[in-house]
1. Take the stretch 244-257 and flag every residue that is under 15 Å from ALA203 (Cβ atoms) and either modelled with pLDDT under 95 or buried (at least 17 other Cβ atoms within 10 Å of the Cβ) (or both).
2. Going through the stretch 102-111 one residue at a time, which ones are surrounded by fewer than 22 Cβ atoms within 10 Å (Cβ to Cβ) and either in a loop (DSSP other than H, G, I, E, B) or touching a helix residue (DSSP H, G or I) at 6+ places or on another chain (Cβ under 6 Å) (or both)?
3. Considering only residues that are away from the ligand (no atom under 16 Å from the Cβ) and surrounded by fewer than 23 Cβ atoms within 10 Å (Cβ to Cβ), which ones fall in the stretch 164-181?
4. Among GLY10, GLY57, GLY52, which is buried (at least 18 other Cβ atoms within 10 Å of the Cβ) and of a type outside the set (A, V, I, L, M, F, W, C)?
5. Could you please tell me which pairs satisfy a Cβ distance under 6 Å, a separation of 6+ or placement on different chains, a first residue in the stretch 252-268 that is within 15 Å of ILE292 (Cβ to Cβ), and a second residue that is part of a loop (DSSP other than H, G, I, E, B) and open to solvent by less than 60 Å² (accessible area, probe 1.4 Å)?
6. Is it true that some residue in the stretch 390-397 is in contact with a Pro (Cβ under 7 Å, 6 or more places away or on another chain), open to solvent by 10 Å² or more (accessible area, probe 1.4 Å) and not in a loop (DSSP other than H, G, I, E, B)?
7. Being farther than 19 Å from ILE113 by Cβ and either assigned to a loop (DSSP other than H, G, I, E, B) or open to solvent by less than 60 Å² (accessible area, probe 1.4 Å) (or both) is the filter here, so list the residues in the stretch 74-99 that pass it.
8. What is the one condition in (1) over 20 Å from the mean Cα position of the chain (by Cα); (2) part of a helix (DSSP H, G or I) that ALA200 does not satisfy?
Amino acid sequence: MYIFKAAVVGAGTMGGEIAQVITYSGLPVVMKDIDQAMLDKGMERIHSIYRGRVAKGKMSEGEMQSKIDLVTPTLTYDEFEDVDIVIEAVPEKMAVKQAVLKELEQVCPEQTIFASNTSALSVSEMGAATGKPHKVIGMHFFNPAHVMKLVEIIPGLDTDQETIDDVEMFTTSLRKLPVVVQECPGFLVNRLLMPYLNEATKALEEGSATAAEIDQAVVGWGMPMGPFTLMDMLGIDICGHVGEYLYSEYGERMAPAALFPKLIEAGRLGEKSGAGFYDHPGGESPVVKKMIQELQSSGAVRTGSVFNIDRLMLPLINEAALCVQENIATIPDIDMSMVAGTGMTYGGERLGPLAVADKIGLDVVVEKLEALAQELGPRFRPSRPLKLRARANHLGEKTARGFHEYA
Ligand code: 3HC
C-alpha cells in the first residue's frame, strides 16, 4: 500500500519532529493533540527546524512555507477519515497508548496502519487492545528525529508482513534507514544504550568522576555526545521510565542508578526544564553535587570507585552480544543501528558495538568484563555469545573472525 497521507498523534517535541520529517519528504500530515498548548509547541518545533534549514541556506523561505503548509494541526479526529498511517507519540503509558489506538479505530479506515513511536513498550500488547493487531507496528524514531537516520521497525506477534513491508517502504521514503527488530523490551538501541547511560550515572553518583569528565571521556572514545549531555537532551523522566521498565523486564543487570528518581523528584528533567544533570545554561550544578553527597553519606551508593570508561562501554557490547544470541537483529543490523541511531564511532571509524568488540579482541572484552564483575558486581558477567566465541578462538580482527569475518 502506498502512503499518501499520514497523521501524528501527540504533538510534543517528538511528535513535532516526526511531523516535520514527514512533510520534508513532501507528504501531508495531520498533527493531533488534546491540548492547544502542546499543538502550538509541536508547530513551533516544525517551524524552528525549517528556520534552521533556511538559515543554513539549504532551503528558501518559499520552500519552507510550502512544507509547513503540509501540516494540518488539529484537536479533533475530523481529518482522519483518509489517513493511511497514524504514528502515535503520546506519553509512554500502555493504558494511554491503548486508549488512543481504540479511539483511532473508530475514526480511521480499515486499512490504516497504526504505528507507535514507543521507546520500549510492547507492540504486541498495544495491538491486542485493538480489533486489528495485524495493522499495529512499532516505528521508533531517535532524538533529534529530524537528524538521526535510524528508524526501528518492530512487528508485534500479530503484525502481518504487508504492514511490515509498507512501513519499511514508508520509512525509506522519509529518507531514513529502516531496521526491522524483533520485539523485546527496549527493542535494540535503547536496550543497548540504557545499560551504558545507567552505568555512567552509577559512576557519577559513586564519585568516580564529574559529569563533565565522564562526558569528555566518552566523546574521546567516539560517541558524538557524552551520556549526561545526551540524557539531558532526551529527558531524565524518559530515561528514568525506560530504565525502570527495562529493570522490571530484565532484572538485576539493569537495576537503575539511584540518582534518576532524585533528579525527577526535583523536577530536573533535562534541557526542557532548564536543568538535569547540568544546569541549562550553566553547566555542572551544585544541586546535583549535593544530591550525590547525600546518596553517598546515606550509604545508598558505593563510594571510592575509580573511573574507567570500560565500565560504560563494555556493558553495551555485552548486551549487543545477547541480542545476537536472541536474534533481535542481524549482526550487521545491530552495528548499523548503533551507528545510525546514536552516531557511534570508534577510532575515527563508524563502527557499531560488535565491530568494536572485534577490534578490541573478544578475549580481552571477556577478561575485562570478568574483572569488572569482580570489582562492581555480577551485572558485568560476560554473556555466553562472547565467551563462546572467545573459547572457539573467534577473537575478532586478530584471528580474522569474531562477530564479523575479516579478509
Ligand atoms: N536538542 C535538540 N536538537 C539538537 C540538539 C539538542 N540538544 N543538539 C543539536 N540538535 C539539532 C540541531 O538543532 C541541528 O538541527 P538543524 O539541522 O535543524 O539546525 C542538528 O541537531 C544538527 O546539530 P549540529 O549541526 O549542532 O550537529 P552536531 O554535530 O552537534 O550533532 C547531534 C548533534 C546530531 C545531536 C549529535 O551530537 C548526535 O548524534 N548525538 C547523539 C544523539 C543520540 O544518541 N540520539 C539517540 C538517543 S536514543 C533515543 O532517542 C531513543 C529514545 O527512545 C529515548
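1. PRO256, ALA257
2. VAL107, PRO109, GLU110, GLN111 - these are the residues of the stretch 102-111 that are surrounded by fewer than 22 Cβ atoms within 10 Å (Cβ to Cβ) and either in a loop (DSSP other than H, G, I, E, B) or touching a helix residue (DSSP H, G or I) at 6+ places or on another chain (Cβ under 6 Å) (or both).
3. ILE164, ASP165, ASP166, GLU168, MET169, THR172, SER173, VAL180
4. Of GLY10, GLY57, GLY52, the one residue that is buried (at least 18 other Cβ atoms within 10 Å of the Cβ) and of a type outside the set (A, V, I, L, M, F, W, C) is GLY10.
5. Partner pairs satisfying both residue conditions: ALA258/VAL301; ARG268/GLY276.
6. no
7. Answer for the stretch 74-99, where residues must be farther than 19 Å from ILE113 by Cβ and either assigned to a loop (DSSP other than H, G, I, E, B) or open to solvent by less than 60 Å² (accessible area, probe 1.4 Å) (or both): THR74, LEU75, THR76, PRO91, GLU92, LYS93, MET94, VAL96.
8. Result: ALA200 fails condition (1) only.
The values are calculated or read from the model by the stated rules, or taken from the named source; none is laboratory data. What you are looking at is a predicted structure, and each value in this text was computed from that prediction instead of being measured. Note that we place each Cβ from the backbone using ideal geometry, even for glycine, and neighbour counts take in every protein chain shown. Side chains are part of the model used for accessible areas, which takes the heavy atoms of the whole protein and leaves out ligands, DNA and RNA. Shrake-Rupley method; radii C 1.70, N 1.55, O 1.52, S 1.80 Å.
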